[in-house]
Amino acid sequence: MAADLNSVVKQLADSGIIAPGKLENFIPPKADPRSVEELVQALVQSENLTAFQGQQVKGGKAKALILGAYTILDRIGAGGMGQVFKAAVGTLWLVSLALAADCGGPSVEELLPMIASHDPWQQQYGAQRLIRHGRRAMPSLVKLLADPGNDVRAWAAYATREILAATPSAAYNDHGEAFWRKELEKIKLGMSLAEIKRVVPCVGEGGGGSGPWMGVWWQLDDYWAMRLDLWEGTLGQRPRLERNVLAVWGPELPKEYTGHWTWWYVNGQKARECELRDGKAVGRDVWYQSNGQILK
């Protein structure tokens, strides 16, 4: 099935197959390709893609051309144990790369130090392999979203997004809407806050009010929350379930840090990014919703 032009452009940009600054010369506003075929033809003719890569890109398989630190250039042949490709690592061209059939590969525990290595090649390889582990990698990736390293958090967020894009049900500590609606049925009108806590435990709580009325916001897991309206200390109406994805605000911001800093939601989307000078935000400071949209 052929891919559409917008998705192909996004895949090319995300994959890094084409050197930074070159892709923009072939897409709007500098160029106006009318189809995927036209774009790929221009990239192949300008030697920004090989003919083999062009065929893969037209099929929507740009990401498959990146295997760890390797960029696949061409397919040489295949045998009983796997396939042989011509590949490149950065500016180093290799004659061939033999890829045996995947027999499991490194475990999640073996890959985590690669993400934390601060070596871009190891981080890319580690992230790509963690994506293959899917749900099994999610608890570790969520922990890495609180790592002190800005680059470590970014790679963990990338792997998290890719896993959830392929398998939304792989979200860590997301019990789902159906589960929580059933749990909330246990809460009865007239219950006190203490009684509600015994029925449905929470991971975070906040609220406020004046006089006999109090509103309580209650985080249930990493993805769901509920709101309670209490009147004179007891529940006055049915609790309201809400989708509320948590942001990871750790680690503590270094007081003397100068540079770009990004915080992430547990689903791998940006929560906030800003430029810091001596630990204080200066210039660009953008907050995001958990769906990737900028908060107005």
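For ASN150, indicate whether it is on the phi > 0 side of the Ramachandran plot, out of contact with any Cys (no Cβ under 9 Å at 6 or more places or on another chain), in contact (Cβ under 8 Å) with a residue 40 or more places away in the chain and not β-branched (Val, Ile, Thr). Taking the combined requirement at face value, the residue does not satisfy it. Considering (1) closer than 24 Å to ARG135 by Cα; (2) at pLDDT below 90, the lone condition that GLY176 does not fulfil carries the number (2).
In the range 257-285, what count of residues is obtained for those that are charged (D, E, K, R) and more than 30 Å from ALA170 (Cβ to Cβ)?
Pass one, the range 257-285, residues charged (D, E, K, R): 270, 272-273, 275, 277-278, 280, 284-285.
Narrowing the set further to residues that are more than 30 Å from ALA170 (Cβ to Cβ) leaves 275, 277-278, 280, 284-285.
Qualifying residue count, the range 257-285: 6.
Of the residues LEU43, LEU99, the single one that is at pLDDT below 85, surrounded by 12 or more Cβ atoms within 10 Å (Cβ to Cβ) and either in contact with a Gly (Cβ under 7 Å, 6 or more places away or on another chain) or among the aliphatic types (A, V, I, L, M) (or both) is LEU99.
Restricting to the range 170-214, name every residue that is among the small types (Gly, Ala, Ser) and under 15 Å from ASN244 (Cβ atoms). So that I can check it myself, show each step before the final result.
So in the range 170-214, the residues among the small types (Gly, Ala, Ser) come out as 170-171, 176, 178, 190, 192, 194, 204, 206-211.
Matches in the range 170-214: ALA171, GLY176, GLY204, GLY206, GLY207.
Taken over the range 124-143, the residue count meeting the criterion of being surrounded by fewer than 20 Cβ atoms within 10 Å (Cβ to Cβ), under 15 Å from TRP264 (Cβ atoms) and in contact with a helix residue (DSSP H, G or I) (Cβ under 7 Å, 6 or more places away or on another chain) is 1.
Could you check the range 247-278 and list, in sequence order, the residues that are over 25 Å from VAL142 (Cβ atoms) and surrounded by 12 or more Cβ atoms within 10 Å (Cβ to Cβ)? Reasoning before the result, please.
Filtering the range 247-278 down to residues over 25 Å from VAL142 (Cβ atoms) leaves 255-256, 258, 275, 277-278.
Once the filter is applied, which keeps residues that are over 25 Å from VAL142 (Cβ atoms) and surrounded by 12 or more Cβ atoms within 10 Å (Cβ to Cβ), the range 247-278 yields THR258, GLU275, ARG277.
For the range 249-263, the condition holds for no residue, the condition being that it is at pLDDT 95 or above, among the polar types (S, T, N, Q) and in the same structural domain as LEU145 (by TED's automatic domain parsing).
Restricted to the range 228-246, and to residues there that are hydrophobic (A, V, I, L, M, F, W, C) and surrounded by fewer than 18 Cβ atoms within 10 Å (Cβ to Cβ), the residue that is nearest to PRO201 (Cα to Cα) is LEU241.
When residues of the range 165-182 are filtered for being touching a strand residue (DSSP E or B) at 6+ places or on another chain (Cβ under 9 Å) and surrounded by 17 or more Cβ atoms within 10 Å (Cβ to Cβ), how many remain? It would help to see each step written out before you state the result.
First pass over the range 165-182, keeping only residues touching a strand residue (DSSP E or B) at 6+ places or on another chain (Cβ under 9 Å): 174-177, 179-181.
Adding the requirement that they be surrounded by 17 or more Cβ atoms within 10 Å (Cβ to Cβ) leaves 174, 180.
Going through the range 165-182 one residue at a time, the tally reaches 2.
Applying the criterion of at least 3 residues that are touching a residue at least 24 places away in the same chain (Cβ under 8 Å) to the strands (runs of 3 or more DSSP E) found wholly in the range 180-296 leaves 224-231, 259-265, 270-277.
The values are calculated or read from the model by the stated rules, or taken from the named source; none is laboratory data. Treat the numbers as computed from the prediction; the structure is a model and nothing was measured. Cβ coordinates were reconstructed from backbone atoms using ideal geometry, including for glycine residues, and neighbour counts include every protein chain displayed.
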